[in-house]
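Asks: Before I ask anything, here is the structure I am working with.
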Amino acid sequence: MLIKKINSGFTTVPLKFTIWIYFVGYTIVVFVLLWLFQILFLEKFYTQSKIHNVDAAAKQIVSSFESDSASEFSKKLTAIASENDLCIEVVDRYSRSLYTKEFSVDCIIHGKENSTYFYQKKIMENDNKPLWQKIPNPHNNYSMVLFGCPLGDAENPKGYLFINTALVPVGSTVTIIKQQLMIITVFLIVIAFVVSLFVAQRIARPIDRITVSAESLAKGNFKTKFDGKGYLEVKQLADTLTYAEKELSRVDTMQRDLIANVSHDLRTPLTMLKAYAEMIRDLSGDNPVKRNEHLEIIINETDRLSLMVNDILDLSKLESGRQKLEPSEFEISSKLSEIINRFDKISERMGYNIQFTPDKEQIVCCDVVKIEQVIYNLINNAINYTGEDKQVFVRQINRPEGVVIEVEDTGEGIEPDKIKLIFDKYYRSENHKREVVGTGLGLSIVKAVLKLHNYDYGVRSTIGKGSVFWFRIENRNIKNTQN
């Protein structure tokens, strides 16, 4: 069927059918206008054209009479009469002929003595205003257009100009044109139907191909090929859909990885919670030391689950755009020192050494809670993946374009082709070994927060020497402290 009903209740038609209808409609409108102007209005246009020619010729003759010599005036009169098929008579105030040019055997101002006297009298009685008349020719069925006007001063004219031309009936001409138009109309309408159908199918074909490919993509086939050959707009659409396919494939892969990693990370603490709860129930319920030890493990695993859920929720809000920035002013050096002090217990218990190199104190204006989360996650990431020396370096570097924060570890480094993946959710480099429990979402949250602030960030890494994660608080968000 040409017309289809879609789910919303609206009807839709194929593009090629629509193009065909428009093309045929346009052709019909063209022929309707052609018939109107060539058949119905032909006689009116012809009459108006003849009157316009007479008026233009009269203006030229009046101008020449006032400025040219007698011989030049006579030559111009002859040229105007022959070019426009006009009969022209110039008389003096006593209706005596001065110049005469006759180009029609049916002229009504020639052939009879004083034939212009009657019309000259009419002009004079009408205060020498120009005379226009449409007069039936007594010799045939033609109508004649007669024009008369004074020459020179209207109050004291030197003579009078009369112009006469025949309005030849156009009935026979219309009949011939009508027969020709009938043949041309039938012939061209058939051609228009065939050509419009061909053009419509040709235009719609690449869109049909893309539609079929898009339906395949909608069913989950992420290896669909979008053929954009034919037109620039279709190629742009194909390129856009190809890009969307790659992004959907990437999102689908990340979604599966997310589910797999979340399932894995949730299974371990849940298994431990159940196991230690059973141990308390069955073995250590009456032993305070063992019971407290097992309860501590349950509490730690519960904290880990809570941290993971919070990270997932935070990342979801950041990526969905529902999380809004709440900027405030604070001293960046002091904030870095405060965050590093929170890792004192880990440093003491596990032997990590976090070295902070501050620069001159700067007041920055950004979302302190979210930037604090970024710095905390970067330090925690460095602790997780630093080398056997357990060294972590935090640096504040003031530059003209902003304050750069660097967090460096001494781990095994990241391969160059893997650096662009390091901020993806749950991505873990094969060169890294986790030592401290985390959710695997820390760097994804870092990326989302920094993009929300529109801050530059990145990673420099050397295999076997470690990695440096950095971001820059732009100078538009900075002002110097008072000395």
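Asks: Considering only residues of the range 186-207 that are touching a Phe, Trp or Tyr at 6+ places or on another chain (Cβ under 6 Å) and not hydroxyl-bearing (S, T, Y), which is nearest to L241 (Cα to Cα)?
Replies: A200
Asks: Here are the criteria: (1) surrounded by fewer than 16 Cβ atoms within 10 Å (Cβ to Cβ); (2) at pLDDT 85 or above. Tell me which single one K76 does not satisfy.
Replies: Here K76 clears every test but (1).
Asks: Looking at K121, K134, which is the one that is of a type in the set (K, R), modelled with pLDDT of 80 or more, assigned to a strand (DSSP E or B) and more than 30 Å from W20 (Cα to Cα)?
Replies: When all the criteria are applied, what remains is K134.
Asks: Please determine, by comparing only the residues of the range 94-106 that are at pLDDT below 80 and touching an Asp or Glu at 6+ places or on another chain (Cβ under 9 Å), which one is farthest from A79 (Cα to Cα).
Replies: Restricting attention to the range 94-106, the residues satisfying the condition of being at pLDDT below 80 are 102-106.
From what's left, touching an Asp or Glu at 6+ places or on another chain (Cβ under 9 Å): 102-104.
Numbers: E102: 12, F103: 11, S104: 15 Å.
Of everything passing the filter in the range 94-106, S104 is farthest from A79 (Cα to Cα).
Asks: Answer with yes or no whether R472 is at pLDDT 90 or above and not in a helix (DSSP H, G or I).
Replies: It is true that R472 is at pLDDT 90 or above and not in a helix (DSSP H, G or I).
Asks: Contact list please: Cβ distance under 9 Å, first residue in the range 201-215 and without any contact (Cβ under 8 Å) to a residue 24 or more places away in the chain, second residue surrounded by fewer than 13 Cβ atoms within 10 Å (Cβ to Cβ), pairs at least six apart or on different chains.
Replies: R209/K229
The values are calculated or read from the model by the stated rules, or taken from the named source; none is laboratory data. Predicted, not measured: the structure shown is a model, and the values here were computed from it. Glycine also receives a Cβ, built like all others from the backbone with ideal geometry; neighbour counts cover every protein chain displayed.
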